[in-house]
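Worksheet for the structure shown next.
Each reported figure results from applying straightforward, stated rules to the coordinates on display, with no laboratory input. Predicted model, so just to flag it, every value in this text is computed and none were measured. Every residue, glycine among them, receives a Cβ derived from its backbone with ideal geometry; neighbour counts consider all protein chains shown.
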């Protein structure tokens, strides 16, 4: 490999790292919302897979059925985190499609990179 090709490759890697950092910073601003129990529980998460808020409809709060509320909250949180993960993967793929032919590295599972 020539020195020029090596310099080009390192330049692309550096550019990709800068873009990845930029996207990761923006993921904190991205929010997704998920619902459970027909909208009785709404959970908002950000692109960094952190829960931002949980909104419980007053009708779901039944002291006699604490278990149902807990189940709905768990379901809502899991849905929100799944949506946040999908949104984060989509944003990171934008970085790879601009830099790598085909938008990624064949056979590489992006989820193993935490993306």
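Please note which strands (runs of 3 or more DSSP E) are completely contained in the stretch 22-102 and include at least 1 residues that are touching a strand residue (DSSP E or B) at 6+ places or on another chain (Cβ under 7 Å), free of Cβ contacts under 8 Å to residues at least 12 places away in the same chain and farther than 30 Å from residue 8 by Cα. Show your work before the answer.
Values: elements: 31-36, 41-46, 51-56.
Because the criterion is at least 1 residues that are touching a strand residue (DSSP E or B) at 6+ places or on another chain (Cβ under 7 Å), free of Cβ contacts under 8 Å to residues at least 12 places away in the same chain and farther than 30 Å from residue 8 by Cα, the strands (runs of 3 or more DSSP E) in the stretch 22-102 that meet it are 51-56.
Within the stretch 50-90, the set of residues being surrounded by 17 or more Cβ atoms within 10 Å (Cβ to Cβ) and either within 29 Å of residue 22 (Cα to Cα) or more than 22 Å from the chain's Cα centre (by Cα) (or both) comprises 60, 69, 76, 77, 79, 80, 81, 83, 84, 85, 87, 88.
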